């Protein structure tokens with residue numbers, strides 16, 4: 001490979017690369033620093049892509065072309081630059097670019113121009129050995145570390161007796177403790193990126209870990225009951241190995257313990273607009289799975305398909321040796337609109353392969369203005385019964401986010417959930433549930449966020465929520481959450 005003699009002293013201007021999703025502002029920016037063609041030769045910036053740089057994974061240089069893969073926090077960017085005139089400091093042109101979103105961005109809620117940017121993770125770059133033959137790409141791998149802390153204090157105005165199970169919030173999942181300070185989650189994320197592969201693992205501690213790994217369940221009143229603690233697996237929030245072939249970048253292959261593909265919301269409060277999760281999320285579908293995922297991008301940044309093979313709902317081993325099957329269709333016609341359809345079906349009753357449980361879910365998100373977005377979610381579930389009518393449940397929710405400044409936003413959410421058989425809400429009696437939530441978020445300093453949230457749950461059953469003096473059809477709460485991202 002031959003370079004011009006003065007290349008080492010020349011610095012290329014930033015090259016604006018416009019991805020296929022047509023960002024309103026330039027996406028990837030690259031600055032060439034020297035002629036060694038390795039991880040130290042280029043300075044990349046993904047700010048225009050609303051993404052954070054992880055590493056330059058794969059770089060290949062010739063006299064008139066540079067090929068590289070830029071690993072971002074949410075997507076990979078496979079870029080080819082072409083130099084038509086042969087001078088390294090002029091006439092560069094983008095010949096091709098493909099953006100491949102990571103799986104964890106599949107359900108990301110819409111961003112706004114005022115969306116805060118999280119602190120970059122701590123990164124350890126590990127250079128690979130020199131290429132054995134001329135022309136082989138020189139690559140770098142990266143190990144990143146991130147931390148997350150989540151605690152909350154919540155007041156239940158029903159003021160149930162502390163001596164009873166009613167001291168817990170009814171029909172809440174992650175915010176199930178009332179009138180006390182609770183450690184929800186302390187998490188360390190370890191991520192390794194190397195060539196075409198990625199491995200990510202979350203080490204989780206706190207009430208979040210107990211509830212997610214079947215070391216805790218809910219009484220019919222909505223409080224926790226702990227049993228059969230598995231102290232090893234419960235602390236692994238996720239562990240996913242991902243392979244994206246460089247020669248077939250539209251394909252993605254994953255295996256491990258992973259968040260469910262079903263639903264608009266995600267498990268952690270920091271990834272959602274509101275602190276508390278909706279009833280639709282907490283009781284309508286699963287949280288996580290152990291299994292495999294194969295995805296294919298039909299049209300880059302616009303249309304993708306995903307298929308899933310799971311052991312079951314929220315379990316590391318299958319109870320009936322019959323897997324569940326999942327499907328996802330994601331359509332993003334432009335950078336403002338995203339529509340996703342998800343399906344999940346399979347037998348979930350222990351030792352029974354004949355009675356299937358099925359969930360259909362669809363969510364839509366849209367950025368109305370640079371500071372205002374909305375998202376909606378619809379779900380329908382059904383499980384077959386032995387010698388009895390099928391059990392069904394369904395619901396819908398609508399949320400808004402208004403980012404008034406880089407450090408403050410407000411997000412209202414309304415929801416309707418119907419359980420005609422009392423099957424998912426644990427009462428044995430049919431009921432409808434409406435919830436009204438208003439969340440305010442304050443970014444006090446970098447990575448440090450307060451969320452103040454008021455919520456009202458209203459059931460058609462007068463005996464649904466426990467109070468100090470008896471029961472009620474309503475449950476008003478106020479919560480203060482503390483979120484810290486390292």
Answer yes if at least one residue in the stretch 155-170 is in a strand (DSSP E or B), buried (at least 17 other Cβ atoms within 10 Å of the Cβ) and either modelled with pLDDT of 60 or more or in contact with a strand residue (DSSP E or B) (Cβ under 7 Å, 6 or more places away or on another chain) (or both), and no otherwise.
yes
What is the residue count in the stretch 396-411 for residues that are more than 21 Å from the chain's Cα centre (by Cα) and either at pLDDT 95 or above or surrounded by 14 or more Cβ atoms within 10 Å (Cβ to Cβ) (or both)?
2
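Suppose we filter 424, 463 for residues that are part of a loop (DSSP other than H, G, I, E, B), on the phi < 0 side of the Ramachandran plot and in contact with a helix residue (DSSP H, G or I) (Cβ under 6 Å, 6 or more places away or on another chain); which single one remains?
Exactly one residue qualifies, and that residue is 424.
Quick one: which of 404, 435 is in contact with a helix residue (DSSP H, G or I) (Cβ under 9 Å, 6 or more places away or on another chain) and not in a loop (DSSP other than H, G, I, E, B)?
Working: 404 fails: in contact with a helix residue (DSSP H, G or I) (Cβ under 9 Å, 6 or more places away or on another chain).
When all the criteria are applied, what remains is 435.
Suppose we filter 94, 139, 193 for residues that are part of a strand (DSSP E or B), modelled with pLDDT under 55 and either closer than 26 Å to residue 29 by Cβ or over 21 Å from the mean Cα position of the chain (by Cα) (or both); which single one remains? Break it down stepwise before answering.
Numbers: 94 fails: modelled with pLDDT under 55; 193 fails: modelled with pLDDT under 55.
One residue alone meets the criteria, 139.
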Please work out which residue is farthest from residue 391 (Cα to Cα), limiting yourself to the stretch 286-296 and to residues that are surrounded by fewer than 20 Cβ atoms within 10 Å (Cβ to Cβ) and touching a residue at least 40 places away in the same chain (Cβ under 8 Å).
296
Can you find a residue in the stretch 315-327 that is within 17 Å of the chain's Cα centre (by Cα) and in a loop (DSSP other than H, G, I, E, B)?
no
Is it true that some residue in the stretch 259-277 is in the same structural domain as residue 412 (by TED's automatic domain parsing), more than 16 Å from residue 382 (Cα to Cα), touching a strand residue (DSSP E or B) at 6+ places or on another chain (Cβ under 7 Å) and part of a helix (DSSP H, G or I)?
yes
Counted residues in the stretch 461-486 being more than 30 Å from residue 420 (Cβ to Cβ) and crowded, with 21+ Cβ neighbours inside 10 Å come to 2
The lone condition residue 320 fails out of (1) over 18 Å from residue 291 (Cα atoms); (2) touching a strand residue (DSSP E or B) at 6+ places or on another chain (Cβ under 6 Å) is (1)
Exactly one condition in (1) in contact with a helix residue (DSSP H, G or I) (Cβ under 8 Å, 6 or more places away or on another chain); (2) on the phi > 0 side of the Ramachandran plot; (3) surrounded by 21 or more Cβ atoms within 10 Å (Cβ to Cβ) is not met by residue 314; state its number.
(3)
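The values are calculated or read from the model by the stated rules, or taken from the named source; none is laboratory data. All figures in this text were calculated on a predicted structure; none of them were measured in a lab. Backbone-built Cβ (ideal geometry, glycine too); neighbour counts: all protein chains shown.
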